[in-house]
Amino acid sequence: MRQFYEFFAGGGMARLGLGNGWSCLFANDLDEKKCATYIRNWGSSEMCRGDVADLTTDDLPGRADLAWASFPCQDLSLAGPGTGLDGEHSGTFWPFWRLIEGLRSEGRAPRVVVLENVAGALTSHRGRDFAAIGAALAGAAYRFGALVVDAERFLPQSRPRLFVVAADRTLPLPASVRRSDPDPAWSPRSLHRATTPLDRESRSAWIWWRLPPPSPRRTELADLLESDPKGVQWHSSAQTQRLLELMTEVNRTKVERAQQSGQLAVGTIYRRTRPDELGVGRQRAEIRFDGIAGCLRTGSGGSSRQFIMVVHGRSIRSRLLSTREAARLMGLPDDYHLPQNYREGYHLAGDGVVVPVVRHLAQHILEPVVTSSGRAALEAA
C-alpha cells in the first residue's frame, strides 16, 4: 500500500483522488471547519489541526511515498495582493518545506512531492517565486517538473491549476513518465517562460513529465445541476432583472440569443468590477453559455459566488450555484458530507483540488514512479 501525507488538506480532495491504493499517514489543515469536514468524511485518526509552522518531524509518522501540498494561493493569484511567497498565506510554503528538509536529514524524505497552486504562481514576482520553489526542490535532492492542468478536460469547470511534481533524485524514473520536450497540452507559454529564471542546479533537475490526455469529457454544466437545490432559492423577478441590468451589451446579447434559440440554455454568471468608458470601476455581470462553469472561488462577498441563469424562450430564472453543485464541479460524489452552512460549503469546494485531476496524475505519473522505486529497492535488497 502506498502511503502519503496530505498538507493543507481542506476537505481531503487529494485523498479522494489518490484513491484506495493509497493510505494516509498524516493530514493537516489550520481551518477548524475544514478539519471538521475532513474528519466527518475520513475519520479523526490522521487529521492534525494546526498551523503547519508549529509542526515538527516528530508529528509525521513513518516514511511517506508522497507528500501532497495544496498550499494557499491568495498571494500568488493574479487577483491577490501580489506578495507571493513572502505573503502571509502563500508563504506557508516555507514552513512546510522545512518539514520536508527535516525529513530528508532523518533519511525519510517522501519519495515524491506534489505542490498544487494557481497558474499565477508561474509569473508571481516575474517568475522569481517559481524559481525559489525550484531552488528549494533541487536543493533537497529532488528532480522536478510542472504541468498546468485545466479541470474542464475532466469536468465542466474552467479551472487551470499548476502541479509541480518532484521525485527523489535517486529514484529510477520509468520511460513512460518522461518526455524530452514539453507537451503543448500541459505546458503553456507561461510555463516555458517560468523555466528561464531557474538557476543552474534547478535547470539540471528539471523534467518534462509525460501525461496522456484524459478520455473526452461527457458531462456539461446542466448535467450536474440539482433539480431541487438545497440551501439556495430561485431569485425573484426583480433580482433576475438586476443581474440583466448589470450586463454589458455583449453579455445581454448572449442572453437574447439563448432566448431566440428556443432551447433550454444554462449559463453561469460572475459579478466583476470593470472600468467603464471613463475608467470608473462599475459592477458588471458576465455570463457564459458554453456548458462550462467559471472557476469556483473562495473570496468573501457575493461577487465571488457564482450564479446560474436558466433561459428557455421568454422564461429567465437565476439563483446562486448550490453547494452540492459546486461539490460536483470538483468531482466530489453525492455521498460526500458537506458543511450545512452555505458559505462554508462553497468555500470548501472552491478551495479544493479537482478529484479526477488528482486521479489522472496519480495513475500516470505518481503511481508508476512510486512503483518503480519500490521495485528498484527490492532488486537492490
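The values are calculated or read from the model by the stated rules, or taken from the named source; none is laboratory data. None of the values given here were measured: they were computed from a predicted structure. Note that each Cβ is placed from the backbone with ideal geometry, even for glycine, and that neighbours are counted across all protein chains shown.
Taking the listed residues 267, 350, 294, the one that is in contact with a Leu (Cβ under 6 Å, 6 or more places away or on another chain) and surrounded by 17 or more Cβ atoms within 10 Å (Cβ to Cβ) is 350, with no other qualifying. Residue 79 meets each of the listed conditions (1) at pLDDT below 95; (2) buried (at least 17 other Cβ atoms within 10 Å of the Cβ) apart from (2). Being crowded, with 21+ Cβ neighbours inside 10 Å and small (Gly, Ala, Ser) is a description that does not apply to residue 313.
Region 170-248 holds helices (runs of 4 or more DSSP H) entirely within its bounds, and those carrying 3 or more residues that are of a type in the set (A, V, I, L, M, F, W, C) and either surrounded by 14 or more Cβ atoms within 10 Å (Cβ to Cβ) or not assigned by TED's automatic domain parsing to the domain that holds residue 315 (or both) map to 221-224. For region 227-280: of the residues being of a type in the set (Asp, Glu) and at pLDDT below 95, which is farthest from residue 343 (Cα to Cα)? Going through the qualifying residues, I end up with 277.
Residue selection: residue 113 satisfies the criterion of being crowded, with 23+ Cβ neighbours inside 10 Å and either at pLDDT 95 or above or within 23 Å of residue 196 (Cβ to Cβ) (or both).
Residues checked against (1) among the charged types (D, E, K, R); (2) buried (at least 18 other Cβ atoms within 10 Å of the Cβ); (3) in a strand (DSSP E or B); (4) at positive phi:
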site	(1), (2), (3), (4)
5	no, yes, yes, no
9	no, yes, no, no
23	no, no, yes, no
28	no, yes, yes, no
34	yes, yes, no, no
37	no, yes, no, no
41	no, no, no, no
45	no, no, no, no
